[in-house]
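One structure is given here, and the rest of the page talks about it.
Bear in mind these aren't lab numbers, they're just calculated from the coordinates by the rules spelled out. All values derive from a computational prediction rather than experimental measurement. All Cβ positions, glycine included, derive from the backbone under ideal geometry; neighbour counts span all protein chains shown.
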Amino acid sequence: MAECPVTSVPNADVSASSQVYKRLDSARVMPLEERAAAFLDLLAAEEGGPGVSAERRREVAADIAARGHYEHTEEELLWGCRFAWRHTTRCIGRYFWKQLEVRDARNAASPAEVAEHCVRHVRDSTNGGAVRSMVTVFAPRVGPRGWRIWNHQLVRYAGYRSEDGEVLGDPAEAELTAQCLRLGWSPPAARSRFDPLPLVISPPEGIPEVFEMPGDAILEVELTHPEYDWFHSLGLRWYAVPIVSNMLLEIGGIQYPAAPFNGWYMGTEIGARNLADMGRYDMLPEIAAKMGVWERREASLWRDRALVELNRAVLHSYQIAGVRIVDHHTASRLHVRFEEEECAAGRPVTGRWDWLVPPVSGAASPLWNRSYDPTEYSPNFFVQTQAWR
Ligand code: ARG
């Protein structure tokens with residue numbers, strides 16, 4: 001665990017909250033009533049939170065005893081989602097966890113209604129470029145299966161695999177793209193590297209349905225470079241808002257398998273991974289060639305030179321387009337602030353070093369020489385099996 005950088009004498013609240021955290025380790029096997037009680041304790045201990053009445057505790061216990069289930073109030077859902085973001089071990093952007101907006105869509109009852117909420121999420125979180133962190137929560141799982149959004153993110157580009165194995169577009173989406181085509185999706189007549197995928201939504205019982213995302217809901221940024229005029233001719237672009245839609249949100253023992261959420265981009269996600277990875281858009285050789293630095297010799301560091309310029313292009317383009325984005329140095333500093341605030345509040349700081357340290361200039365980040373406790377506390381967002389498996 002990261003050393004607490006703030007010297008604070010533990011007070012009553014602090015020890016209360018560390019007692020609470022002992023029961024929130026998601027790896028522990030606990031019956032629903034205990035999970036619910038541990039969540040209510042966490043909520044009650046939250047400074048500035050809504051508190052929990054004794055009556056509410058009795059009601060939750062009674063509902064679980066009678067129906068094997070209970071329903072979160074709007075406030076429990078709001079704070080539960082915020083705690084889930086706070087507890088996520090892979091996110092460097094958690095400093096802003098209290099700003100998360102929550103859309104309660106638990107009453108959406110058809111795939112079409114779920115799709116409508118998803119489109120609204122895209123529009124409202126994009127907010128003309130002033131990106132807002134949001135989560136839209138659909139109905140929890142009560143039986144063996146729940147609602148699923150098959151997409152990894154609400155906006156992503158198709159990857160069309162041809163018979164020779166080559167992929168046009170995003171190779172990470174080749175499998176979902178094949179599923180969409182199988183389900184009857186008709187892609188644009190002229191396929192490109194950057195065709196937004198439709199939404200695929202399946203109800204707890206029944207078959208998946210495909211919904212085209214209205215083009216005007218998706219904000220995209222064309223990539224240009226602050227100095228290289230030729231950069232534009234690479235024809236690169238990316239969408240404005242990453243809205244992860246395939247993870248399971250768990251709050252107080254209740255599982256929400258469809259709960260798309262977003263922050264805003266850190267530049268390296270696009271510039272050092274999506275457009276750079278060899279298994280993704282693999283743009284470094286072309287960029288290095290255009291820069292005139294490509295050579296067979298790795299020791300020339302042509303990859304690194306191309307990486308830096310691609311990352312400059314990403315940050316530059318989002319900035320001039322007025323789309324909120326953060327560079328990895330600023331994001332690292334804000335994460336340190338987050339760690340300090342968590343420590344000061346007497347809460348354990350968790351994280352996964354391999355996810356938190358930025359994928360370029362890792363040792364230039366203040367996170368590099370910290371170590372992290374990877375415990376997954378509840379509430380949290382969890383990886384779940386792909387919906388089509
Ligand atoms: N890394 C993913 C991508 O590049 C997005 C994950 C969520 N990112 C975020 N900044 N909230 O598309």
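Remark: the stretch 174-183, residue by residue, has Karplus-estimated 3J(HN,Hα) of 4, 5, 5, 4, 4, 4, 4, 5, 4, 7 Hz, where x stands for each Gly or Pro and the curve is 6.51 cos²θ - 1.76 cosθ + 1.60 at θ = phi - 60°. Quick one: angle between helix 328-344 and the longest Cα principal axis of the chain, in degrees between 0 and 90, rounded to 10, please. Around 10 degrees separate the two axes. Values of log10 I(q)/I(0) for the stretch 298-341 across q = 0.14, 0.23 Å⁻¹ run -0.50, -0.82, by the Debye formula with one identical scatterer at each alpha carbon and no solvent.
Structural descriptor for the chain: relative contact order 24 percent, calculated from alpha carbon pairs under 8 angstrom and at least 6 residues apart. Here the sum of -39500 (n - 2.57) over DSSP H runs of 4 or more residues, divided by the residues of the chain, equals -10500 deg cm²/dmol at 222 nm, to the nearest 500. What's the whole-number percent of alpha carbon pairs in the stretch 305-389 lying beyond 14 angstrom? The proportion of pairs with Cα distances above 14 Å equals 74 percent.
Put a dot 7 Å past the Cα of residue 47, heading toward its Cβ, do the same for residue 98, and the two dots end up 0.9 nm apart. Computed from the Cα positions only, the extents of the chain along the three principal axes stand at 68, 54, 35 Å, in decreasing order. Placing dummy labels 7 Å off each Cα toward the beta-carbon, the span from residue 304 to residue 142 is 5.8 nm.
Each residue of the stretch 250-263 was assigned a 3J(HN,Hα) from its phi angle through the Karplus curve 6.51 cos²θ - 1.76 cosθ + 1.60 (θ = phi - 60°); the sequence is 10, 9, x, x, 8, 9, 10, x, 10, 7, x, 9, 8, x Hz, with glycine and proline shown as x.
Contact order for the stretch 76-218, expressed relative to its length and based on alpha carbon pairs under 8 Å spaced 6+ residues apart, stands at 22 percent.
Once R0 is set to 25 Å, what does the formula 1/(1 + (r/R0)^6) return for the Cβ-Cβ distance between residue 220 and residue 286, expressed as a FRET efficiency to the nearest 0.05? So, using R0 = 25 Å, E works out to roughly 0.80. Database remark: amide H of residue 255 closer than 5 angstrom to the amide H of 141 (H placed geometrically; neighbours at sequence offset of 5 or more, or on other chains; Pro and chain starts carry no H).
Would you look at the GNM of the chain, springs on alpha carbons closer than 10 Å, and say which of 148, 156, 28 moves the most? Most flexible of the set in this elastic network: 28.
In order along the stretch 298-308, phi translates into HN-Hα couplings of 4, 5, 6, 6, 4, 4, 5, 5, 5, 4, 4 Hz, rounded to whole numbers, per the Karplus curve 6.51 cos²θ - 1.76 cosθ + 1.60 with θ = phi - 60° and x for Gly and Pro. The H on the amide N of residue 276, modeled in the peptide plane, is under 5 Å from the matching H of 281, 282, 283, each at least 5 residues off or on a different chain.
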